[in-house]
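Scroll down for the structure; my scribbles are underneath it.
What follows is calculated from the coordinates using simple rules that are stated; it is not laboratory data. In this text the structure is predicted, and so the values were computed from the model without any measurement. Cβ atoms come from the backbone with ideal geometry, glycine included; neighbour counts cover every protein chain shown.
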Amino acid sequence: MRVSACITTRNRTKKLDACLEALWNSKVKPHIVVVSDDSSELETQQANLQIVQKYPGTRYILGPRSGVCGNRNNAVNAIPESETDFVAFVDDDICVQPDFIALAIDRYTQMPLEERKNTILTGTSHTLDGFQLLPAKLTFQGHFFPTDGIPQTVVIHAALFPRHFFSQEQWDENIFFGYEDAELCLRAIKRGYKILYCSELRVKCIAEDSTLEVGISGVGGLSNYELYVEAARLYIGIKRYKDLFPNPLNLLGFILLYFVQMTRYLLQRKAIRAWPEILRRSRIQRLLLPSSV
């Protein structure tokens, strides 16, 4: 049973080294590791390539610089379906536990073959300050909330997908950043995949502050991180009720609630001038195209 890893990186050479070291120190080694590098400077790309060359079995490719979804597609498409059975998406600030791959294989081994082909595993991610990120369900408005039942979302850095799923679907590159894993999971559920929470699968996030990934400057008092997340939530909410699970009443209700609540939130933050930027970044006009699903 072959498990491969897709690592997306951008301008964080030291963390990439720690990420790769943890991955290759696994009790069961990954079959293939691909590093897709979205770094902005040639010097950083060259430094990352030197890091990758320290770890045999790791492939280095340049990223498309179109956002995290484009970079993940770039990585997973570099591993043909014929070359692996399962893939994990590991950002450069994530260190997997030594038994992560072994425990995942053990879980899959316990399943009948047909069930294995349609099951996505997810574990937990722990931060340096002790915060624990768990899989969740989605509220009507697209927020995460914890669940003791069957989750609708994964903890993306602690998840494994059947590789053939990405021959059916790709990460939605209309989403630059934020909730992109929830949107992907909605499409997986629509196709009949099951998400299974496995508490024994653990990774550690070594980033000091993940919100810095997309910068601290923004518009109207909102950071770039906040703008991208709220734009993504609008895009995904419309796509959810328009295309994935069509329901005109839910679609209308979501849009009304989103605009009322967001207007109130922006007024409270004295950031009402951020509204046009949220709409621009949401790319909701692309949902009117025939290929939006």
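Let me know the charge dipole size of the stretch 70-126 about its Cα centre in debye, to the nearest 20, where only the beta-carbon of Lys, Arg (+1) and Asp, Glu (-1) is charged. Before the final figure, lay out each step's value.
On the way: 4 positive and 10 negative charges, 28 e Å.
Using Cβ point charges on Lys, Arg, Asp and Glu, the stretch 70-126 gives about 140 debye.
Between the helical axis of 13-24 and the longest alpha-carbon principal axis of the chain there is an angle of about 50 degrees. Taking the centroid of alpha carbons for each part, the stretch 265-279 and the stretch 38-88 are 36 Å apart.
Beta bridges assigned by DSSP with both partners in the chain are antiparallel in approximately 40 percent of cases. Along the chain, counting only trypsin sites (Lys or Arg not before Pro) with a DSSP assignment other than H, G, I, E or B and at most 13 other Cβ atoms inside a 10 Å radius, the longest segment between sites is 66-190. Taking other residues whose beta carbon is less than 10 angstrom from the beta carbon of Leu234, and scoring Lys, Arg as +1 and Asp, Glu as -1, yields +3.
Counting only residues at least eight positions apart within a chain, or on another chain, the lysines with an alpha carbon under 25 Å from that of Lys14 are Lys27, Lys29, Lys54, Lys204.
Let's see if you can work this out: charge +1 on each Lys and Arg Cβ, -1 on each Asp and Glu Cβ, no other charges. What is the dipole magnitude of the stretch 215-288 about its Cα centre, in debye to the nearest 20? Numbers along the way, then the final one.
Numbers: 12 positive and 4 negative charges, 16 e Å.
Dipole size: approximately 80 debye.
Taking amide H as placed 1.01 Å from N in the peptide plane, His164 has no amide H partner under 5 Å among residues 5 or more places away or on another chain.
Net charge dipole, the chain: roughly 740 debye, given to the nearest 20, about the Cα centre with Cβ charges of +1 for Lys and Arg and -1 for Asp and Glu. 3J(HN,Hα) along the stretch 130-138, derived from phi through the Karplus expression 6.51 cos²θ - 1.76 cosθ + 1.60 where θ = phi - 60°, amounts to x, 6, 10, 9, 10, x, 8, 9, 10 Hz, with x in place of Gly and Pro. Other residues lying with their Cβ under 11 Å from the Cβ of Ala47 contribute a combined charge of -2, Lys and Arg counting +1, Asp and Glu -1.
For Leu244, the shell of other residues with beta-carbons less than 12 Å away shows a net charge of +2, using +1 for Lys and Arg and -1 for Asp and Glu.
Counting other Cβ atoms within 10 Å, keep those with at most 10, restrict to DSSP loop, and tell me which chymotrypsin sites (Phe, Trp or Tyr not before Pro) in the stretch 126-208 are left. All intermediate terms of the calculation are to be shown ahead of the outcome.
Values: sites: Phe131, Phe140, Phe144, Phe165, Phe166, Trp171, Phe176, Phe177, Tyr179, Tyr193, Tyr197; in loops: Phe131, Phe140, Trp171, Phe176, Phe177, Tyr179, Tyr193.
Loop-located and lightly packed - Phe131.
Rounded, prolate or oblate: which one fits the stretch 104-196, using the alpha carbon gyration tensor with axes a ≥ b ≥ c (rounded when a/c is under 1.5, else prolate when a/b beats b/c, else oblate)?
Values: a/c = 1.61, a/b = 1.18, b/c = 1.36.
Oblate shape, in that a/c is at least 1.5 and b/c is the bigger or equal ratio.
Database remark: amide H of Val90 closer than 5 angstrom to the amide H of Cys6, Ile7, Thr8 (H placed geometrically; neighbours at sequence offset of 5 or more, or on other chains; Pro and chain starts carry no H).
3J(HN,Hα) couplings calculated from phi for the stretch 82-99 with the Karplus curve 6.51 cos²θ - 1.76 cosθ + 1.60 (θ = phi - 60°) are, in sequence order, 6, 9, 7, 9, 9, 10, 10, 10, 10, 6, 5, 9, 10, 10, 6, 6, x, 9 Hz; Gly and Pro show x.
Close amide H pairs (under 5 Å, H built 1.01 Å from N) link Cys198 with Thr122, Gly123, residues at least 5 positions away or on another chain. Distance between the modelled labels on Lys194 and Ser82, one decimal in nanometres: 3.1 nm (7 Å Cα→Cβ projection).
Which one, Trp24, Gly57, Phe144, projects farthest toward the positive side of the charge dipole computed for the chain from Cβ point charges (K/R +1, D/E -1)? Of the options given, the answer is Phe144.
Karplus-derived 3J(HN,Hα) values for the stretch 48-62, using 6.51 cos²θ - 1.76 cosθ + 1.60 with θ = phi - 60°, are 5, 4, 5, 5, 4, 5, 6, 10, x, x, 9, 9, 10, 9, 7 Hz; glycine and proline are entered as x.
Okay, helix-only estimate at 222 nm for the chain: each DSSP H run of n ≥ 4 adds -39500 (n - 2.57), divide by all residues, round to 500 deg cm²/dmol; what do you get?
Helix-only estimate at 222 nm: -11000 deg cm²/dmol.
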